[in-house]
Amino acid sequence: MKEDKKYLLQTYAKNEVKFKRGINATLFDENNVDYIDFTSGIGVVSLGHANKSIAKEISQQAKKLIHTSNLFYNDLQVKLAKKIYKLSGGYSCFFSNSGAEANECAIKLARKYGYLKNKENKAYDIITLESSFHGRTLATLKATAQESFHKNDFSPYIGGFVYAKDIDDIENKINEKTVAVMIELIQGEGGVMAQDKKKVQKLAKLLKKLGILLIVDEVQSGVFRSGNFLASQSYGIKPDIITLAKAIANGFPMGATLSLHKDVFVPGDHGSTFGGTFLASRVALCTLKNLENLKKIGKIDENIKLFDKKLNKILNKYPNLFVSISGMGLMRGLKCKNDEILANIIKKSFDKKLLVLKSGRQTLRFLPPLSINENEVKQGFKRLQMALDEL
Ligand SMILES: *Cc1c(COP(=O)(O)O)cnc(C)c1O
């Protein structure tokens, strides 16, 4: 820990623990003490830790071919894109390495779309929502409408983003400069807030009528987290552009920008050295196949029901600590009475060897592996109750 402070740039507030290994939703520290993981990283390892099929695919592909540049054909990348095309119902892909990169690509795609539509008087503004989160690059920071993310330390930021208070306010913010609206259907950092389905469908219809692109940032809510492959599918909409990352390759870095507009980019418009390597594509393929299977056999829906039941119990048992339950699928939140209570719950849970997350100012966030087993769920909630009983 001392060397961490010396050799690493200090950008994270870290917990005092060193994990050595894991299995499914259980992590072990250097003393072999077990922790129940209700975080999956931050919604990343949806198939759990040390998944055997993932390990096998990584090792086999590493012995064959890890990387060529994207100037050569890559059959695994095509196979993955074809899989996503089928799962999503007709989207084509660009592969990168993270959520922020997937969103950068979406922003470029939208701006080029605006340019092609009207070269003399190009529309380029993208409307985003307060309490959104879209990433840490200079563009995605500015897309993130929370003022706390636009510190003077890092200015100047890029322009072209307009903020709306909420879904209802988006219509008021639209003008002739608007090229796209970018939203999360379930806000990950903004209090695990699931948007209203009817309002979202109404917005999607309005944008289609106006010829404005709808970009949905599913970096956290996509890849079966909402209960379906896409959160957009859970909402019954078909956005123009969807971004994915976190869970797409179970912890192997990958981002994907999905688009219905295939003819906007031409060679040279965008690129990525590492995007969609043989290795990354194979791991993502394996991840998607496994998650698709978990969905088919009913395991994901079973876990969603189980979590829902447990969270409702907690809400009812501790009315002095919590005010409401939020989210969708296995992306859930318990809103606390205040931010101090939230900080205490996270700390006490950690003491009881349970990992949970914070979201927004006062929401306790749950992002368990989709593959979590019943025993891990029970054990995790037992530890949570032990923590809450002390508050
Ligand atoms: C995590 C996240 C991002 C950023 O992803 P990185 O891989 O950290 O760049 C963007 N949007 C949402 C909704 C996220 O949850």
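The values are calculated or read from the model by the stated rules, or taken from the named source; none is laboratory data. This is a predicted model, so every value here is computed, not measured. All Cβ positions, glycine included, derive from the backbone under ideal geometry; neighbour counts span all protein chains shown. Accessible surface is based on the protein model in full, side chains and every heavy atom, while ligands, DNA and RNA are left aside. Shrake-Rupley method; radii C 1.70, N 1.55, O 1.52, S 1.80 Å.
When Tyr73, Tyr12, Tyr35 are checked against the criterion of being open to solvent by 20 Å² or more (accessible area, probe 1.4 Å), among the hydroxyl-bearing types (Ser, Thr, Tyr), away from the ligand (no atom under 16 Å from the Cβ) and modelled with pLDDT of 95 or more, a single residue qualifies: Tyr73. Looking across Val17, Val45, one residue alone is of a type in the set (Val, Ile, Thr) and under 23 Å from Lys289 (Cα atoms). It is Val45. Note on segment 278-310: residues that are open to solvent by less than 20 Å² (accessible area, probe 1.4 Å), within 25 Å of Tyr73 (Cβ to Cβ) and within 21 Å of the chain's Cα centre (by Cα) total 8.
Taken over segment 254-273, the criterion of being under 23 Å from Ile42 (Cβ atoms) and surrounded by fewer than 18 Cβ atoms within 10 Å (Cβ to Cβ) is satisfied by Ser272 alone. Within segment 118-150, take every residue that is over 14 Å from Gly99 (Cα atoms) and of a type in the set (S, T, N, Q) and give me the one that is modelled with the highest pLDDT. Result: Thr128.
Filter segment 82-96 for residues that are of a type in the set (A, V, I, L, M, F, W, C) and more than 16 Å from the ligand (Cβ to nearest atom); which is nearest to Thr273 (Cα to Cα)?
Cys93
Selection of segment 111-142 for residues being open to solvent by 70 Å² or more (accessible area, probe 1.4 Å) and within 16 Å of the ligand (Cβ to nearest atom) yields Glu130, Arg136, Leu138.
Test Gly99 against the stated conditions and say whether it is within 13 Å of the ligand (Cβ to nearest atom), within 19 Å of the chain's Cα centre (by Cα), in contact (Cβ under 8 Å) with a residue 12 or more places away in the chain and open to solvent by less than 10 Å² (accessible area, probe 1.4 Å). No. Residue pairs whose Cβ atoms lie under 8 Å apart, separated by 6 or more positions or on different chains, with the first residue in segment 196-215 and aliphatic (A, V, I, L, M) and the second open to solvent by 90 Å² or more (accessible area, probe 1.4 Å) and assigned to a helix (DSSP H, G or I), are Leu203/Glu171; Leu206/Glu171; Leu214/Lys208. Provide a single number: the residues in segment 170-194 that are modelled with pLDDT of 95 or more and open to solvent by 20 Å² or more (accessible area, probe 1.4 Å). The number of residues fulfilling the criteria is 9. Only one of the numbered conditions (1) out of contact with any Asp or Glu (no Cβ under 7 Å at 6 or more places or on another chain); (2) within 29 Å of Tyr115 (Cβ to Cβ); (3) more than 13 Å from the ligand (Cβ to nearest atom); (4) open to solvent by 10 Å² or more (accessible area, probe 1.4 Å) is not met by Val219, and that is (3). What are the residues in segment 181-202 that are within 16 Å of the ligand (Cβ to nearest atom) and over 17 Å from Ser324 (Cα atoms), if any? Those that are within 16 Å of the ligand (Cβ to nearest atom) and over 17 Å from Ser324 (Cα atoms): Val181, Met182, Ile183, Glu184, Leu185, Val200.
Can you confirm whether segment 239-251 contains a residue that is within 13 Å of the ligand (Cβ to nearest atom), surrounded by fewer than 24 Cβ atoms within 10 Å (Cβ to Cβ) and either farther than 15 Å from Ala102 by Cα or of a type in the set (D, E, K, R) (or both)? Yes, there is a match, as at least one residue in segment 239-251 is within 13 Å of the ligand (Cβ to nearest atom), surrounded by fewer than 24 Cβ atoms within 10 Å (Cβ to Cβ) and either farther than 15 Å from Ala102 by Cα or of a type in the set (D, E, K, R) (or both).
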